[in-house]
Each structure stands twice: as C-alpha cells, then as structure tokens.
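A short write-up of the structure that comes next.
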Amino acid sequence: MARDPQNEKSLLAGRTALVTGASSGVGRAIALALARQGAKLCVVGRKPETLAETTAAAEQFSSVVSFQLDLTDDDSIRLLSHHFDQTGRLDILVHSAGIFHQDLMTQARVDDLDRQYAINVRVPYVLSQRLLPLLTASQGQIVFINSSVGLSAKRPEVGQYAATKHALKAVADSLREEVNPKGIRVLSLYLGRTATPTQRAIFQREGRDYRPETLLQPIDIASVVINALSLPPTAEVTDIFIRPMVNFSTPAVTPHI
C-alpha cells in the first residue's frame, strides 16, 4: 500500500519514547518534535530548571514523564528501567546525553576522560542493555546521537572526546547486527557543528565569534530523526552524516550537546 503523506504526522502517535539529555540542545529538540508527533514521552536530564522547561513545552502536545537523574549512577538506571517495567512499553530510545572536554594530551586530566567515558559510552550501553527486552517486544528503535569526531579525530585536543565517540559508534554498530533479526532498528547520527549551549562555550573558550546562524540547528537534527523513525518497517537507515550548510575549511570540535 502506498504511503499517504497526509498521515505522516501521526505515524509516531501513541508510541512511547525515552529521550536522554533532554534538558537542552539536540535532546530537547528531539523530545519536543516527538511530542508534536503525539508520542508519549519520558524525558531525562541532569539540570532541573531546564528539564522543567522541556517538560512544560512538551506537555502542550502530549503526555510527559520527567526524571531528573544522573545516569552515571546505577541506582538511577535501575529507577528508570523499573519505571518502564511498570508501564510495560517502550518503542523509541534516543541517546542524546553527553559531555565534552577539550585539552592537549600533555595536560588533559584522566578524570575528565573517565567522566566522558561514563556518560558518553557506559550510560547508553547499560541503558540499552536494560531496556532491550521491552524494545524487542515492541520491535522498537534506538537512536544514538554521535559526533563527526566519532568518525575522524584528526584534530588537536579532542583525543578524549573522540575516543568515547568512536566507542559509541562501535556499540551502535555491533548492537545493530545483534537486533536487526528481531526487527529493531538502530540509527547513528554523526553531527557537525550545532548551535547549542556547549558549542557557545567552546567558541568563548577559544576566543572566537559565535555565530549560531551559521551552524546546524537542533531542530534540523530533530527533523532528520523524526523522518527516520517514521519510515515503514521495510527500511532501516543505519548512519546519517549531517553538517552545516556553510562548510568551514578548518572544522572545529563538533559536540552536539
């Protein structure tokens, strides 16, 4: 049967979606886009004030459950997985939480590497593992928000961050091969420079003029995610590479957060 573009907006209606890193930036944009599609939302973030803003905005379109959690704490993972065990349904899992540190190898702190590993790699790994039975039951979808440095780290000062994003790519690629026979789709998005609070801080640290209008916008990413999630079950998009329309000759670090 041919797809009807007029019904495209309702394809995700009633689906249950969990979005981490929903306090701001790309995570917030994806959460709000899902809410506008009528998906039932569970949003997770570390900052209570900004998470509350996301929740209030999403509640205009759909039902929302909010968890202010540090997912590096295993008790927080257990609390979140218990919530879904109780509801018994999960269709979409979006891993957008992440942190970024930038420094030269000679002075970079190992503690910063450990923290980035914990949030950028371990959290999505453990959360996917815990929620996989529900995603299997629903033949659900998993989205990993990655970075262009997850593909190439040929830049100074990004060794720690890039290592975690390379690792996240490995997690997603291997998981995809495991769960594809079960009807679960796994998508990785590799983002170029995106106008987010973290990107603004990077520009300020480097003494550069921050012009967000020249960068990817979080809503751009959200639009791509919604489109991929709305595909019929006969198709799976595995990897998407997206960069600003203005292609800088000397690209900078590209965290999406």
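Computed from the coordinates by the stated procedures, all read-outs in this text should not be read as laboratory data. It should be emphasised that the depicted structure is a prediction, and the values quoted were computed from it without experimental measurement. All Cβ positions, glycine included, derive from the backbone under ideal geometry; neighbour counts span all protein chains shown.
Values as computed for the structure displayed
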| quantity | calculated |
| --- | --- |
| The range 48-183: mean projected area of Cα convex hull, nm² | 9.5 nm² |
| Chain lengthening between GLN139 and PHE203 when straightened (0.36 nm per residue, less Cα-Cα) | 18.9 nm |
| For the chain, fraction of C-alpha pairs farther apart than 32 Å, in % | 18 percent |
| Cβ-based net charge around GLN68, under 13 Å, with every Lys or Arg adding one and every Asp or Glu removing one | -2 |
| Shape category assigned to the range 147-257 from the gyration tensor of Cα positions, a/c cut at 1.5 | oblate |
| For the chain, the longest site-free run once GluC sites (Glu not before Pro) in DSSP loop states with at most 15 other Cβ atoms within 10 Å are removed | 60-205 |
| Label-point separation, THR106 to MET245 (7 Å along Cα→Cβ), nm | 4.2 nm |
| Using θ = phi - 60° and Karplus 6.51 cos²θ - 1.76 cosθ + 1.60, couplings along the range 202-214 (whole Hz; Gly, Pro as x) | 5, 4, 5, 4, 8, x, 10, 6, 8, 10, x, 5, 8 |
| Max mean-square fluctuation residue, GNM over the chain, Cα-Cα springs under 10 Å, options GLN37, GLN129, GLN116 | GLN129 |
| Point-to-point label distance, VAL65-ARG89, nm (Cα→Cβ direction, 7 Å offset) | 1.1 nm |
| Anisotropy class of the range 51-95 from Cα gyration tensor, a/c 1.5 cut | oblate |
| Exceeding the 32 Å Cα-Cα cut-off - candidates LYS40/LYS165; LYS47/LYS182; LYS154/LYS182 | LYS47/LYS182; LYS154/LYS182 |
